[in-house]
Amino acid sequence: QVQLVESGGGLVQAGGSLRLSCAASGRTSNSYAVGWFRQAPGKEREFVARINWTGGKTYYADDVRGRFTISKDNAKNTVYLQMNSLKPEDTGVYYCASRSASGDYSLGIPYEYDYWGQGTQVTVSS
């Protein structure tokens, strides 16, 4: 299996920035892509961004495109999410998840991902 550990969350004022990290270990060769999701209390878990390990193709949710940037370091088995111009509505627990199956479809659906990290809290104050 693949183990994932998120870090980098915290409290930031609106307009500020945070950089999240997702460190992968275990059978990382079976990971085709890593996605970021977030969840606020009482809300559904929603897709934020994804990156493929090979080729580096990226995908973004409409409401974060232009503000967030997903990137990776293959040597470190780590995926990053640079979040700029943060808004209070960005508040939530951010999770990274590994997808084993190849193919760039259903990329924003949580059940298409096999392994999940524990999450890291991001709080944006107004």
Problem set entry | Residue satisfying all of: in the range 32-82; β-branched (Val, Ile, Thr) and farther than 18 Å from Asp104 by Cα; most open to solvent (accessible area, probe 1.4 Å) among these | Thr69
Exercise. So how many residues does the range 100-120 have that are under 12 Å from the mean Cα position of the chain (by Cα) and not in a loop (DSSP other than H, G, I, E, B)?
Worked result: 3
For this session: Write out, first by first residue and then by second, each pair whose Cβ atoms fall under 7 Å of each other, whose residues are 6+ apart or on separate chains, and whose first residue, in the range 9-38, is closer than 17 Å to Asp63 by Cα while the second is of a type in the set (S, T, N, Q).
Result: Ala14/Ser125; Ala14/Ser126; Gly15/Ser85; Ser17/Asn84
Exercise. Can you tell me which residues in the range 83-126 are within 18 Å of Ala24 (Cα to Cα), open to solvent by less than 40 Å² (accessible area, probe 1.4 Å) and not aliphatic (A, V, I, L, M)?
Worked result: Tyr94, Tyr95, Cys96, Ser98, Arg99, Tyr113, Gly117, Gly119, Thr120
For this session: For residues that are under 21 Å from Gly15 (Cβ atoms) and polar (S, T, N, Q), scanning just the range 81-99, find the one that is nearest to the chain's Cα centre (by Cα).
Result: Gln82
For this session: Report whether or not Tyr95 is of a type outside the set (D, E, K, R) and under 23 Å from Ser125 (Cβ atoms).
Result: yes
Seminar exercise, completed: Per the filter on the range 48-77, residues over 17 Å from Phe37 (Cβ atoms) and β-branched (Val, Ile, Thr) are Thr54
Exercise. Are any residues in the range 11-31 open to solvent by less than 30 Å² (accessible area, probe 1.4 Å) and at positive phi, and if so, which ones?
Worked result: none
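The values are calculated or read from the model by the stated rules, or taken from the named source; none is laboratory data. Quick caveat: nothing in here was measured; it's all calculated off a predicted structure. All Cβ positions, glycine included, derive from the backbone under ideal geometry; neighbour counts span all protein chains shown. Quick note on the areas: whole protein, heavy atoms, side chains included, nothing else; ligands and nucleic acids left out. Shrake-Rupley method; radii C 1.70, N 1.55, O 1.52, S 1.80 Å.
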